[in-house]
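Participant: I have a structure here, written as structure tokens, and I will follow up with some questions on it.
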Amino acid sequence: MQKKGYGGISAQHIADALDFSKANFFYHVKSKEHLLYQIIVENLQFAIRHYEEILRRKATAADKLRALIDFYVQLMTEHGAVIQVWYNEKNHLTPKHFAEVTRLERRIQELQGKFYREAIRRGEFRGIHPGLASISMFGMCFTLTRWPELSRQLSRVELTNSLQSLACGGLLRENK
């Protein structure tokens, strides 16, 4: 799906890639659309579990922000193909599945927004709009899926440290 797009592949293409028969594919998966839905939902639920775990930590907002960026970098470098499929192909979902994916995406936005609002209220972050801060952090890390050569030039630790430095320099108050 990443290479050819949702419309460019068939159930037979998927079955061949998995070394399954087409019948075996349909035995395990209801449809190509349902497979797309499962891929997206599984990854959004994975992200939500990690966000919740990071945000529950007894840590400063700066440490949580660094952990979130580390998680984003991991997600984008290790699951970049899935992230691109989610981003590029979710419009192929049925209305019911699209609504569920949207609900999960909003859950992530809620978690991030609450985190940023609380850090701003405590004076740990600058007064940047929480929604803008949230999409900026995601967008900054999402770029790694569009330029995978960065992942070949820099280690995951170097990518994480660089993005943490960029984000913390923009969000954290001086001397925090």
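The values are calculated or read from the model by the stated rules, or taken from the named source; none is laboratory data. Because the structure is a prediction, the values reported are computed rather than measured. Neighbour counts are summed over all protein chains in view; Cβ atoms, including those assigned to glycine, are modelled from backbone coordinates with ideal geometry.
Participant: Taking THR77 as the residue in question, decide whether it is within 12 Å of the chain's Cα centre (by Cα), under 21 Å from CYS168 (Cβ atoms) and among the hydroxyl-bearing types (Ser, Thr, Tyr). Walk me through how you get there before you give the answer.
Facilitator: On the way: within 12 Å of the chain's Cα centre (by Cα): yes; under 21 Å from CYS168 (Cβ atoms): yes; among the hydroxyl-bearing types (Ser, Thr, Tyr): yes.
In short, yes.
This table checks each residue for (1) within 24 Å of GLU124 (Cβ to Cβ); (2) at pLDDT below 95; (3) among the acidic types (Asp, Glu); (4) not in a helix (DSSP H, G or I).
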{"residue": "ILE54", "(1), (2), (3), (4)": "yes, no, no, no"}
{"residue": "ASN88", "(1), (2), (3), (4)": "no, yes, no, no"}
{"residue": "GLU100", "(1), (2), (3), (4)": "no, no, yes, no"}
{"residue": "ARG103", "(1), (2), (3), (4)": "no, no, no, no"}
{"residue": "ARG107", "(1), (2), (3), (4)": "yes, no, no, no"}
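Participant: While we're here: For the stretch 60-98, name all the residues that are within 24 Å of LYS32 (Cβ to Cβ) and among the aromatic types (Phe, Trp, Tyr).
Facilitator: Of everything in the stretch 60-98, those that are within 24 Å of LYS32 (Cβ to Cβ) and among the aromatic types (Phe, Trp, Tyr) turn out to be TRP86, TYR87, PHE98.
Participant: Right, another one. Show the residue pairs that are 6+ apart or on different chains and have beta-carbon atoms under 6 Å apart, the first residue being within the stretch 57-75 and acidic (Asp, Glu), the second being surrounded by fewer than 23 Cβ atoms within 10 Å (Cβ to Cβ).
Facilitator: That search, which allows pairs on different chains as well, returns ASP70/THR160.
Participant: Contact list please: Cβ distance under 8 Å, first residue in the stretch 153-166 and assigned to a loop (DSSP other than H, G, I, E, B) and aliphatic (A, V, I, L, M), second residue at pLDDT below 90 and exposed (fewer than 15 other Cβ atoms within 10 Å of the Cβ), pairs at least six apart or on different chains.
Facilitator: LEU154/SER162
Participant: Does the stretch 76-96 hold any residues that are under 30 Å from LYS30 (Cβ atoms), of a type outside the set (A, V, I, L, M, F, W, C) and touching a residue at least 60 places away in the same chain (Cβ under 8 Å), and which are they? Steps first, answer last, please.
Facilitator: The first filter runs over the stretch 76-96 and keeps only residues under 30 Å from LYS30 (Cβ atoms), leaving 76, 78-96.
From the residues that got through so far, the ones that are of a type outside the set (A, V, I, L, M, F, W, C) too are 78-80, 84, 87-92, 94-96.
Residues satisfying the conditions are GLY80, GLN84, ASN88, GLU89, HIS92, THR94.
Participant: List pairs: first in the stretch 37-51 and under 18 Å from PHE98 (Cα atoms), second at pLDDT 95 or above and in a helix (DSSP H, G or I), Cβ under 6 Å, 6+ apart or cross-chain?
Facilitator: Matching pairs, first to second residue: TYR37/HIS97; ILE40/VAL101; LEU44/LEU104; ILE48/ARG107.
Participant: So ALA15 passes all but one of these: (1) aliphatic (A, V, I, L, M); (2) modelled with pLDDT of 75 or more; (3) in a helix (DSSP H, G or I). Which condition number does it fail?
Facilitator: Tallying (1) aliphatic (A, V, I, L, M); (2) modelled with pLDDT of 75 or more; (3) in a helix (DSSP H, G or I), ALA15 fails exactly one: (2).
Participant: Something else: Considering each residue of the stretch 121-137, count those that are out of contact with any helix residue (DSSP H, G or I) (no Cβ under 7 Å at 6 or more places or on another chain) and in a helix (DSSP H, G or I), and give that number.
Facilitator: Residues in the stretch 121-137 being out of contact with any helix residue (DSSP H, G or I) (no Cβ under 7 Å at 6 or more places or on another chain) and in a helix (DSSP H, G or I): 4 in total.
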